[in-house]
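The values are calculated or read from the model by the stated rules, or taken from the named source; none is laboratory data. Not measured: the values here are computed from a predicted model. Because the Cβ atoms are built from the backbone with ideal geometry, glycine has one as well, and the counts that use them run over all protein chains shown.
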Amino acid sequence: MHVLPVAVLALAALAAVEAAAPQLVRGRCATPPAAPQRIEKVINECQEDIKLSILEEALSVLGESTGIISRDAKTRQPGKSRARRQAFTEDERRIAGCLLHCVYKKVKALNSAGLPTGEGLVKLYAEGVQDASYFLATAQAVNHCLGAAQQQGRLLPQAVKEPGQKCYLAYDLFECVSDQIIEYCGASP
């Protein structure tokens, strides 16, 4: 559960570092100097929303697993060791994706079905950008990534009704857009 504050601190630190740095020109584009302050405010709001959701989910899981734990404790053989804890990479990905989905929602980058829109994502990722090449790279990246998600069937309303899928989609789109911009511009957004 302490993964969320770490992710948010990392985002805040990144925003602070970017805010202090001048606009960076590498490759074909000038990367924006800072994450927009409005986005930082939205991220903070989303952090609180996600904390509450995680706590509610954890309480629900604890309620369900209490019976399982007590049954397992009665049947466990002495000397058997517990299974090794799995890495949290999927959890971290889901939490980061949920944070991104919340940001998309708050900045109105989603349609009525809760799916990301090209116009909304371009507006979000290119907000405050002065460099036309960066804006173009962002638009191309968003179109490429949404097209790939569409081909995979991930932009269908029924596809994101499964638990966690909106979060995974948001994370994967962010990662794809970032990678595409890096490939075009030669610098990270």
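Can you tell me which residues in segment 103-147 are assigned to a loop (DSSP other than H, G, I, E, B) and either under 15 Å from the mean Cα position of the chain (by Cα) or at positive phi (or both)?
Listed by number, the residues that qualify are Val107, Lys108, Ala109, Gly114, Leu115, Gly128.
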What tally of residues in segment 136-174 results from selecting those that are more than 12 Å from Arg94 (Cα to Cα) and among the acidic types (Asp, Glu)?
1
Quick check on segment 125-143: of everything there that is modelled with pLDDT under 95 and in contact with a Ser or Thr (Cβ under 9 Å, 6 or more places away or on another chain), which residue is nearest to Leu155 (Cα to Cα)?
Tyr125
(1) under 21 Å from Cys29 (Cβ atoms); (2) loosely packed, with under 15 Cβ neighbours inside 10 Å; (3) hydrophobic (A, V, I, L, M, F, W, C) all hold for Leu146 apart from (2)
Answer from Ala113, Ala170, Ala132, Ala126 - the residue that is surrounded by 16 or more Cβ atoms within 10 Å (Cβ to Cβ) and more than 20 Å from Ala96 (Cβ to Cβ):
Ala126
